[in-house]
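The values are calculated or read from the model by the stated rules, or taken from the named source; none is laboratory data. The model shown is predicted, which means the values in this text are computed figures rather than measured ones. Here Cβ is always computed from backbone atoms with ideal geometry, including for glycine, and neighbour counts include all displayed protein chains.
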Amino acid sequence: MTSPRAQSGPGATPAGPPAPALPAVTSLGRPVGAPRFRLRETGWLPALRLVLCAIGIACTLAAGAVADLFAAPGERATRREARRASLARRVAALLGDLKGAYVKAGQFAALRYDALPAGARSAFEGLQDRVAPLPFETVRGVVEAELGAPLEASFAAFDPTPLGAASMAQVHHARLHDGSEVAVKVQHPWLAASLPADVALLHRLYRIWAWFSDRRGTATRRGVDRSRLFAEFSAGLAEELDFAREAAMAGEIAANLASDAQIVVPAVVARLSTRRVMTMAYHPAVPLLDRARLDALGVRPQDVLEVLARAYAKQVFVDGLFHADPHPGNLFVIDEPTARTKPRVLFVDFGLSKRLEPALRRELRLGIYALLQRDLEGFVAGMARMEMIAPGAEPGVRAAVARMFERMAGAGGSPLGLSGAGVLGLKDDAKALLQETDGLQLPNDLLLYAKTLSYLFGLGERLDPNVDLMKLTVPYLLKFLATRDA
């Protein structure tokens, strides 16, 4: 018996309408132990599959090159482009199937406008973080091993069908013995053990790809610090695997937003949470983009957007600690009678939460000042202080930033007066700057900061383009600019 549910995002706390009675926990035999995943933990299984994929790609390219000899000259470029796109999708599909670090590597690549050419990123931009769920016997084994007790001792009821499954974990609806409804996020059993082997293999693949790209003249942007790039990826991956860290981030963000009654962060049940299992309060809710169900609740999109704007503006500009994954699968409206007049927004999945360090916040503040004043030298100097410019690349970076400032001046007005669509246009200018400028590389935390804001404004355009999110955000931005550094 399964409960109705809304679609959940990557590793998200599930949300859905009020669930019927959950099935009681029953014995399903001996839990699946570690030996089943030994081959996956050593890294040999993904290595074998990647090698087979590489052989298949090489054969496809060779066959395509022969076929091109018999094609009309005007058709060859089109055929080659279609072939490359198809092969890139094949690689993205394999990464998704391998789960864990491999999905995260594809998503990381899609974010790095400053390091990878568009053709190498586009296939990963649609890489979904939803995968086929693991058998319940496996989930039972992880939960019992982590909590040190039979499932029946910890939960009165536990739905064997997951509410959502992602590359690192899946989430199940359950009930505690005191009657509380909870969501249990369970990490895939091999991930922690396989992390060193997975990261080492990905590092080798990245170096091989970079060498091959250099030889063919399709390299990553010149001046990119590849060691720093991969270090940022592996550090972020380790953070996402630590559910204890995620629980702490969720708790801190909840405390920061506690004064706003329309923002809900699920409470973590500490006694039933570890580094690989996290138990949270369950909230029946409606996905943010489910317009039919929101209309049935009488919820106006503009009311929801006002809550989102307040929540993210405070996190980003006041607290410096923010939920960095505001896609529609991680945001919901609580399903309750008062939603018509005062909707509450549920935030889930805090694995990708980021804290801007004081030095980065200071430079970000100075950079916004320079942008508002169109102070080219001050803006470039800040980029240099943040080590965003490779040695010898400053003249080219300065020229590229100057062109961006000229386009902004041509649009007229102050950036603070931009509409949501205008902010998205400014994002496109910044993206072009990263893609086209050699020797320019951003810290990954700053890219996540920018991505979070662009996701938010993009979500605003989809929900209600008539709501001025920038206007709602400006008071928090001005407070951020007025803050004195310690």
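Mind checking which residues of the stretch 271-293 are under 26 Å from ASP445 (Cβ atoms) and outside any strand (DSSP E or B)?
SER273, ARG275, ARG276, LEU288
Please verify whether the stretch 93-104 includes one or more residues that are in a helix (DSSP H, G or I), surrounded by fewer than 20 Cβ atoms within 10 Å (Cβ to Cβ) and modelled with pLDDT of 85 or more.
Checked against the condition, which is being in a helix (DSSP H, G or I), surrounded by fewer than 20 Cβ atoms within 10 Å (Cβ to Cβ) and modelled with pLDDT of 85 or more, the stretch 93-104 yields at least one hit.
Taking the conditions exactly as written (part of a helix (DSSP H, G or I) and within 25 Å of GLY43 (Cβ to Cβ)), does GLY64 satisfy them or not? Break it down stepwise before answering.
Working: part of a helix (DSSP H, G or I): yes; within 25 Å of GLY43 (Cβ to Cβ): no.
Against the criterion (part of a helix (DSSP H, G or I) and within 25 Å of GLY43 (Cβ to Cβ)), GLY64 does not qualify.
Please determine whether any residue of the stretch 349-362 is more than 30 Å from SER227 (Cα to Cα), buried (at least 21 other Cβ atoms within 10 Å of the Cβ) and under 20 Å from the mean Cα position of the chain (by Cα). It would help to see each step written out before you state the result.
Taking the stretch 349-362 as the starting set, the residues that turn out to be more than 30 Å from SER227 (Cα to Cα) are none.
So far as the stretch 349-362 goes, no, none of its residues is more than 30 Å from SER227 (Cα to Cα), buried (at least 21 other Cβ atoms within 10 Å of the Cβ) and under 20 Å from the mean Cα position of the chain (by Cα).
Please go through the stretch 76-92 and pick out each residue that is within 25 Å of VAL66 (Cβ to Cβ), among the aliphatic types (A, V, I, L, M) and surrounded by 14 or more Cβ atoms within 10 Å (Cβ to Cβ).
Scanning the stretch 76-92 gives LEU87, ALA88, VAL91.
Could you say whether any residue in the stretch 40-60 is touching a Phe, Trp or Tyr at 6+ places or on another chain (Cβ under 6 Å), assigned to a helix (DSSP H, G or I) and surrounded by 15 or more Cβ atoms within 10 Å (Cβ to Cβ)?
Within the stretch 40-60, one or more residues are touching a Phe, Trp or Tyr at 6+ places or on another chain (Cβ under 6 Å), assigned to a helix (DSSP H, G or I) and surrounded by 15 or more Cβ atoms within 10 Å (Cβ to Cβ).
For residues that are assigned to a helix (DSSP H, G or I), closer than 21 Å to LEU446 by Cβ and touching a strand residue (DSSP E or B) at 6+ places or on another chain (Cβ under 6 Å), scanning just the stretch 294-332, find the one that is modelled with the lowest pLDDT.
Per the criteria, the residue is VAL316.
When the residues of the stretch 172-189 are narrowed to those that are closer than 16 Å to ALA244 by Cα and among the β-branched types (Val, Ile, Thr), which ends up surrounded by the fewest Cβ atoms within 10 Å (Cβ to Cβ)?
So, considering only residues that are closer than 16 Å to ALA244 by Cα and among the β-branched types (Val, Ile, Thr), the one surrounded by the fewest Cβ atoms within 10 Å (Cβ to Cβ) is VAL186.
Given ALA296, ALA270, ALA250, which one is over 24 Å from the mean Cα position of the chain (by Cα) and under 22 Å from PHE155 (Cβ atoms)? Outline the logic, then answer.
Values: ALA296 fails: under 22 Å from PHE155 (Cβ atoms); ALA250 fails: over 24 Å from the mean Cα position of the chain (by Cα).
Result: ALA270 is the single residue among ALA296, ALA270, ALA250 that is over 24 Å from the mean Cα position of the chain (by Cα) and under 22 Å from PHE155 (Cβ atoms).
May I ask you to verify whether GLY413 is assigned to a loop (DSSP other than H, G, I, E, B), on the phi > 0 side of the Ramachandran plot and modelled with pLDDT under 75? Don't jump to the end; show me each part of the working.
Working: assigned to a loop (DSSP other than H, G, I, E, B): yes; on the phi > 0 side of the Ramachandran plot: yes; modelled with pLDDT under 75: yes.
So GLY413 passes the test.
I'd like the residue in the stretch 126-160 that is in a loop (DSSP other than H, G, I, E, B) and at pLDDT 95 or above and, out of all such residues, is nearest to VAL91 (Cα to Cα).
By that ranking, first place goes to PRO160.
I need the full set of residues from the stretch 304-363 which are closer than 16 Å to ALA258 by Cα and without any contact (Cβ under 8 Å) to a residue 12 or more places away in the chain, in order please.
Of everything in the stretch 304-363, nothing turns out to be closer than 16 Å to ALA258 by Cα and without any contact (Cβ under 8 Å) to a residue 12 or more places away in the chain.
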